[in-house]
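Since the structure comes first, as structure tokens, the remarks are kept for the end.
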Amino acid sequence: MIPLLDTHQHLVYRNEATYSWTKDIPPLATEDFTVDSYLSLTKDLGIGGTLFMETGVDDPDYQKEAHFIKSLMDDNKNGIKGLIFSIRPEENDNFDSWLEEALSMGVSGFRRILHVMPDDTSESEVFRNNVKKIGNAGKPFDICYLPTQLKIAVDFAKACDDMYLVLNHCGVPSIAAGEIDQWGKDIKELSQLPNVICKLSGLMAYCAPGTSSLETIKPYVDHVLNCFGADRIVWGSDWPVVNLGKGIQEWIRVTREILSNLSESEAKSIGYLNAQNIYKVNL
């Protein structure tokens, strides 16, 4: 069984931070989603390790979240191989100090959730110059745009072409609405920029309720594979948001079915090798 390096593990500890975005999503609204829960759900399913992905905590808490999760990573039994922290490139105040502090903590990468921000956020000179500092430090930047913002993503990726940018959730296609044409064109354009990596994640949650399956997401998966190729795709669970689909166990099963139709080298690249290279971690 090829090991999977999960590049998109969220963790929710409500005693440590506030997660206001979850309050209107019943499957996510009240529970904690802990590393112990994750390990229990994924036992014997071939997860070789995880990268914690910042969980969109309320603004005052993002550095507090980082320090808490670092303490979990320090316990090897938790299987956390790397950390992707939140950062605020749109602000010069405190950017450099947080970047330096996060680097001293061994951070693997950074993310700013852009689909909750004004469209022009990543178009500003301040934002782009600060993201370039992340690249100069040898770290990738995860980007999360809605499908209607992918043209903005193209411009941003062209401006930051000396670093890896990891497109979360295949660009968040509107699978429930059956929208594929414009998304497909924009993904194709993004894929022509060699610094852009696509994260195979999230898709099951974007299906209409009760319809998440390999058959439903296959046109989107096939398009991403055709555009980016196996050498520029990483895998992520998006747990616990994956519960809006059919849960992490079903997503892992579907993932293994997708990988089974590829060559062994392609499957290994998507499963863990690309992520090891981009985020500089080891299973």
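The values are calculated or read from the model by the stated rules, or taken from the named source; none is laboratory data. Computed from a prediction, not measured in an experiment: that's the story for all the values here. Counting neighbours? That spans all protein chains shown, and the Cβs are built from the backbone with ideal geometry, glycine included.
Criterion first (buried (at least 19 other Cβ atoms within 10 Å of the Cβ), of a type in the set (S, T, N, Q), within 25 Å of residue 56 (Cβ to Cβ) and in contact with a helix residue (DSSP H, G or I) (Cβ under 6 Å, 6 or more places away or on another chain)) does residue 269 satisfy it?
Judged against the criteria, residue 269 is not a match.
State all residues of the stretch 223-274 that are small (Gly, Ala, Ser), touching a strand residue (DSSP E or B) at 6+ places or on another chain (Cβ under 9 Å) and farther than 19 Å from residue 210 by Cβ; if no residue qualifies, say none.
Passing the criteria: 236, 237, 269, 271.
Could you tell me which residue of the stretch 188-204 is farthest from residue 277 (Cα to Cα), considering only residues that are among the small types (Gly, Ala, Ser) and assigned to a loop (DSSP other than H, G, I, E, B)?
Once the filter is applied, the top-ranked residue is 202.
Does residue 127 count as surrounded by 19 or more Cβ atoms within 10 Å (Cβ to Cβ), under 30 Å from residue 219 (Cα atoms), among the hydrophobic types (A, V, I, L, M, F, W, C) and modelled with pLDDT of 95 or more?
So residue 127 fails the test.
Considering only the stretch 202-236, how many residues are on the phi > 0 side of the Ramachandran plot and either in contact with a Lys or Arg (Cβ under 8 Å, 6 or more places away or on another chain) or buried (at least 22 other Cβ atoms within 10 Å of the Cβ) (or both)?
Adding up the residues that qualify gives 1.
Consider only pairs whose beta carbons are under 6 Å apart and that are at least six residues apart or on different chains; among these, list those whose first residue lies in the stretch 267-283 and is closer than 12 Å to residue 233 by Cβ and among the β-branched types (Val, Ile, Thr) and whose second residue is in a helix (DSSP H, G or I) and modelled with pLDDT of 95 or more.
Going by the 6 Å Cβ cut-off, the qualifying pairs are 270/230.
Run down 1, 73 and say which single residue is modelled with pLDDT under 95 and out of contact with any Lys or Arg (no Cβ under 7 Å at 6 or more places or on another chain).
1
Name the pairs: first residue in the stretch 146-161 and within 14 Å of residue 118 (Cα to Cα), second residue at pLDDT below 95 and in a helix (DSSP H, G or I), Cβ to Cβ under 7 Å, at least 6 apart or on different chains?
Pairs found: none.
Take the stretch 184-201 and flag every residue that is charged (D, E, K, R), crowded, with 19+ Cβ neighbours inside 10 Å and touching a His at 6+ places or on another chain (Cβ under 9 Å).
199
In this structure, does residue 162 turn out to be surrounded by fewer than 19 Cβ atoms within 10 Å (Cβ to Cβ), of a type in the set (Asp, Glu) and at pLDDT 95 or above?
In short, yes.
Return the total of residues in the stretch 2-32 being touching a residue at least 40 places away in the same chain (Cβ under 8 Å), charged (D, E, K, R) and closer than 15 Å to residue 58 by Cβ.
Residues flagged as touching a residue at least 40 places away in the same chain (Cβ under 8 Å), charged (D, E, K, R) and closer than 15 Å to residue 58 by Cβ within the stretch 2-32 amount to 1.
If you take the residues in the stretch 133-187 that are in a helix (DSSP H, G or I) and charged (D, E, K, R), which one is farthest from residue 226 (Cα to Cα)?
133
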